[in-house]
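> Take a look at this one; I'll ask things after.
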Amino acid sequence: MTFTTGHLAEQPLPPGIAGALSLAGYQLLVDVAGVGAGRLGQQAFLLVAADPDPAVPDPGTQISLHQAKLRDERDMTAYTQLAAQLGFLRLAGYRLTLERAGLRSKISMVDPATGGMAITIPEKHPGKLLGGGLTVSTLLAKVRGLGPAGPPPDLSSPDALRQVLLELALRDDSIGGADAVEMADRALAQITQNPTLDPAAAIEAAKSSA
């Protein structure tokens, strides 16, 4: 299934879960291929739209890697980058399977080439003490280290291309999260003007013209 831009905004967390976790009115910071990062005050989390499952009438949007007390603002950047990278890999062939753990869900990244789980993201942020050093930043590094699961995303689709550009913009630490969407749109305009540009070159061109 292809998750288009704005999917998570149109299908937020179910009210029951949002209310039980005191997340009503959260801010959606990024949305790439049905994977997003959300924030409400000091709470940070991943949002994932589940793939359709005939055994589950409405799997809906689920929450993962929930951190109830964000201690470092740099972690929020890592959340947005992790969500964007997971979405990019989903576009590139990986499957994201969700396993309920109470009100939250574990995310398993499945490599379709082998059927094996490439990485598992817990339902709650374990923290350095109980998680043995596992943090959102270490998870981001592990996800970025995964090899391709198949051919690159089909960039003939303007929506898929825009989502790839957004992931690239968020990957660049010199581009603030608030500016990433605008930078992706500028890069898309660059490619429209010059179709020979690849996405990375388009981001650089957009930065130069800013």
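Bear in mind that the values in this text are calculations on the coordinates, not laboratory data. From a predicted model like this one, the values you see are computed outputs, not experimental measurements. Reconstructed Cβ throughout: ideal geometry from the backbone, glycine too, with neighbour counts over all protein chains shown.
> If I model a spin label at L134 and S208 as a point 7 Å from the Cα along the Cα→Cβ vector, what separation in nanometres do I get?
About 4.3 nm separates the two model spin labels.
> Name the residues whose placed amide hydrogens come within less than 5 Å of the amide hydrogen of L40, ignoring near sequence neighbours (fewer than 5 apart) on the same chain.
Q27
> How large is the helix-only mean residue ellipticity at 222 nm for the chain, computed as the sum of -39500 (n - 2.57) over DSSP H runs with n ≥ 4, divided by its residue count, in deg cm²/dmol to the nearest 500?
Mean residue ellipticity at 222 nm (helix-derived): -12000 deg cm²/dmol.
> Using a 10 Å cut-off around each Cβ, can you sort L146, L8 from fewest to most neighbouring Cβ atoms?
Lowest to highest Cβ neighbour count: L146, L8.
> For the stretch 158-209, just list the percent of Cα-Cα distances falling in each 5 Å bin from zero outward, please.
Spelled out per bin, shortest first, that is 5, 27, 38, 22, 7, 1.
> Here is a follow-up. May I ask for the distance between the Cα centers of the stretch 22-36 and the stretch 86-159, given as a whole number of Å?
17 Å
> What ranking do R74, R186 get, fewest neighbouring Cβ atoms within 10 angstrom at the top?
R74, R186
> Just to verify a number: FRET efficiency for D72 and A178, C-beta to C-beta distance, R0 = 25 Å, to 0.05?
In this case the efficiency is close to 0.85.
> How many times 2.2 N^0.38 Å is the alpha carbon radius of gyration of the stretch 1-84?
In units of the globular-protein estimate, the stretch 1-84 measures up at 1.06.
> Kirkwood hydrodynamic radius of the stretch 7-144 from all distinct Cα pairs, in Å? If you can, show how the numbers build up before the last one.
On the way: mean 1/r = 0.0670 Å⁻¹.
Hydrodynamic radius (Kirkwood, Cα only) of the stretch 7-144 equals 14.9 Å.
> Then there's this: Report ³J(HN,Hα) in whole Hz for each residue of the stretch 25-32, in order, from the Karplus equation J = 6.51 cos²θ - 1.76 cosθ + 1.60 where θ = phi - 60°; Gly and Pro get x.
x, 5, 9, 8, 8, 7, 8, 10
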